[in-house]
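Notes to accompany the following structure.
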Amino acid sequence: MSSVLKASPAVTVRQIMSSPHVTRALRFFETNADAITEEHVGICSVPASPFGEQARAEYLSRKFLELGLTEVEIDEEGNCLGLIKGSSQAPLLVVSAHLDTVFSKETDFTVVRRDNKLFAPGIADDGSGLAALITLAQAIQTEQIPIEGSILFVGTVGEEGEGNLRGVRHLFGKGRWASQIDAFLSFDGPGLDRITNRALGSRRYRVDVTGPGGHSWGDFGLPNPVHAIGRAVSRLAAYPAPKEPRTTFNVGRIEGGTSINSIPSRASIEVDLRSAAERELQRLDAFFRRAMREAVDEENATRRAGDPLLNLKVDLIGERPTGETRADSPLVELALEATRMLRFVPRLDQSSTDSNLPISLGIPAITLGAGGTSGCSHSLDEWYDPRNRDMGLKRGLLVVLGIVGLVLAADEPG
Ligand SMILES: [Zn+2]
């Protein structure tokens with residue numbers, strides 16, 4: 001990375017904090033807490049479902065224009081981009097949050113306030129990240145922070161589930177900025193201590209079992225896709241997943257059948273496999289594929305002579321690379337130092353986020369919490385509590401400025 005990190009992270013952070021522009025920006029996060037929450041409510045009230053992020057992207061692009069960002073656009077994939085250009089183009093840091101949620105387009109995205117909390121699907125994941133994106137851009141613009149490198153703000157599409165990181169894939173693939181990006185910082189969910197520098201690998205599958213189908217009484221003996229799927233889930237559920245390296249599996253969706261007295265012609269499941277280690281992910285993957293095959297073979301073995309066989313189709317619908325941004329890399333050290341400077345104990349962590357993609361390309365990338373707290377993520381009861389949000393924003397700003405650097409005026413300590 002062509003970072004302008006000229007000094008140690010501790011010195012860099014202290015230098016940044018001594019700039020009067022930065023002092024004002026840090027105070028901005030405290031004095032504007034209510035207005036920031038209004039922005040948060042505003043963007044989360046715009047529906048955004050998987051492959052249905054357009055309205056929210058358009059909302060964000062209007063915000064970027066209002067804040068005076070340049071090169072504002074929605075790219076071919078649907079990502080919303082806007083630039084704050086420093087005194088030079090490089091280093092170019094991407095600051096991102098994801099536009100999508102896990103919720104379908106029928107979902108009610110209305111934000112409800114109760115006590116100190118905000119309730120809405122996606123209010124924390126990643127509404128809190130999007131609020132951070134808008135607020136950081138606003139603070140840098142309002143306080144006219146003299147940045148040296150440039151910041152490309154990006155609301156990405158397709159971070160969740162079947163989106164399969166399509167937004168960042170495009171950004172680093174066919175996107176017009178791809179070859180210029182030096183570092184990547186994503187805000188995903190709340191929190192003040194978490195620094196995600198390791199990418200959690202995953203594979204996601206859709207399994208379809210199809211057959212002739214028929215009458216439950218009259219055609220009894222035909223192989224039954226739902227029974228086969230039942231056998232398949234049972235086999236997978238028996239997998240002895242190791243605790244270390246942490247390895248998990250989940251059958252997250254199941255569907256099929258037409259009526260209680262019909263032998264169905266189709267049944268399917270969607271399965272998520274994850275591991276902190278690539279070799280364990282491969283082992284689980286092999287077990288899963290064999291389990292699906294054996295389950296269908298077993299169901300087929302029960303059929304009457306001459307009956308047609310069930311057909312099995314296993315489709316890979318998502319694959320996220322593993323990897324890490326080293327703990328001793330300038331980006332991670334900077335995040336550690338900024339966290340300590342705000343008197344929190346930093347925690348390095350592994351997760352599956354937009355950072356997986358740049359990490360797999362060797363581009364320094366981390367994911368940070370955007371401050372505040374939350375609960376019931378990925379459920380309709382999801383909530384966010386904005387207290388302490390300013391701490392997350394302060395940390396975020398210090399990391400951003402540490403990477404792009406400040407142009408220090410002659411009368412400022414240097
Ligand atoms: Zn998220």
*Residue (of G230, A90, A7) at the positive-pole extreme of the chain, dipole from beta-carbon charges*: G230
*asked:* Using a Debye calculation, one point per C-alpha and no hydration shell, please list log10 I(q)/I(0) for the chain at q = 0.08, 0.14 Å⁻¹ in order.
replied: -0.48, -1.18
*What percent of all Cα-Cα pairs in segment 121-199 falls in each 5 Å bin, counting up from 0?*
3, 11, 19, 24, 23, 14, 5, 1
*For the chain, what is the accessible area per residue in Å², given a 1.4 Å probe and the full set of protein chains?*
42 Å²
*Roughly what % of DSSP beta bridges within the chain run antiparallel, to the nearest 5?*
70 percent
_Hull volume in cubic angstrom per residue (convex hull over the Cα atoms of segment 341-388)_ = 108 Å³
_Quick check: at a probe of 1.4 Å, how many percent of the accessible area of segment 235-382 sits on carbon and sulfur atoms?_
49 percent
*Which of the aspartates and glutamates could be linked to K243 by a straight reach, that is with a Cα gap under 14 Å, when you skip same-chain ones fewer than 8 residues away?*
E280
*So for the chain, taking the charge dipole from beta-carbon charges (+1 Lys/Arg, -1 Asp/Glu), which of P240, A276, L133 sits furthest toward the positive end?*
P240
*Do any trypsin sites (Lys or Arg not before Pro) in segment 251-281 lie in a loop, going by DSSP, with at most 13 other beta-carbon atoms within 10 Å of their beta carbon, and if so which?*
none
*asked:* Less than 30 Å apart at the alpha-carbon level, and either on another chain or at least 8 residues along: which lysines does that give for K85?
replied: K6, K63, K174, K394
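At 0.36 nm per residue, and after removing the present C-alpha to C-alpha distance, how many nm does the segment from A178 to D34 gain when stretched out fully?
On the way: separation 144, 0.36 × 144 = 51.84 nm, distance 3.59 nm.
Working it through step by step, the gained length comes to 48.2 nm.
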*So for I363, I84, what's the accessible-area order with a 1.4 Å probe, most first?*
I363, I84
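To the nearest 20 Debye, how big is the dipole of segment 62-187 about its Cα centre, given +1 on the beta carbon of each Lys and Arg and -1 on that of each Asp and Glu?
Numbers: 11 positive and 18 negative charges, 34 e Å.
Approximately 160 debye in magnitude.
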*Place a +1 charge on the Cβ of each Lys and Arg in the chain and a -1 charge on the Cβ of each Asp and Glu, then give the dipole magnitude about the Cα centre in debye, rounded to the nearest 20.*
840 debye
*Theoretical ellipticity at 222 nm over the chain - DSSP helices of four or more residues, -39500 (n - 2.57) apiece, nearest 500*: -10500 deg cm²/dmol
_If you average the alpha carbon positions of segment 129-152 and of segment 229-263, how far apart do those two centres end up, in angstrom?_
45 Å
*What size of dipole, in debye to the nearest 20, comes out for segment 93-141 about its Cα centre when the only charges are +1 on Lys and Arg C-beta atoms and -1 on Asp and Glu C-beta atoms?*
180 debye
*asked:* Run the simple label-point estimate for N388 and L361 please: 7 Å along Cα→C-beta, distance reported in nm.
replied: 3.4 nm
*Leaving out same-chain residues fewer than 8 places away, which aspartates and glutamates sit with a Cα under 19 Å from that of K313?*
E162, D208, E255, E270, D272, D285, E294, D297, E298, E299
*Pop out the carbon and sulfur fraction of the accessible area of segment 1-116 as a percent, whole number, probe 1.4 Å.*
51 percent
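When only Cα pairs under 8 Å and 6 or more residues apart are kept, what is the percent relative contact order across segment 303-414? Numbers along the way, then the final one.
Working: 86 pairs, mean separation 25.8, N = 112.
Rounded, it is 23 percent for segment 303-414.
The values are calculated or read from the model by the stated rules, or taken from the named source; none is laboratory data. Just so you know, these numbers come straight off a predicted model, no measurement behind them. Note that we place each Cβ from the backbone using ideal geometry, even for glycine, and neighbour counts take in every protein chain shown. In case anyone asks, the SASA skips ligands and DNA or RNA and just uses the protein heavy atoms, side chains included. Shrake-Rupley method; radii C 1.70, N 1.55, O 1.52, S 1.80 Å.
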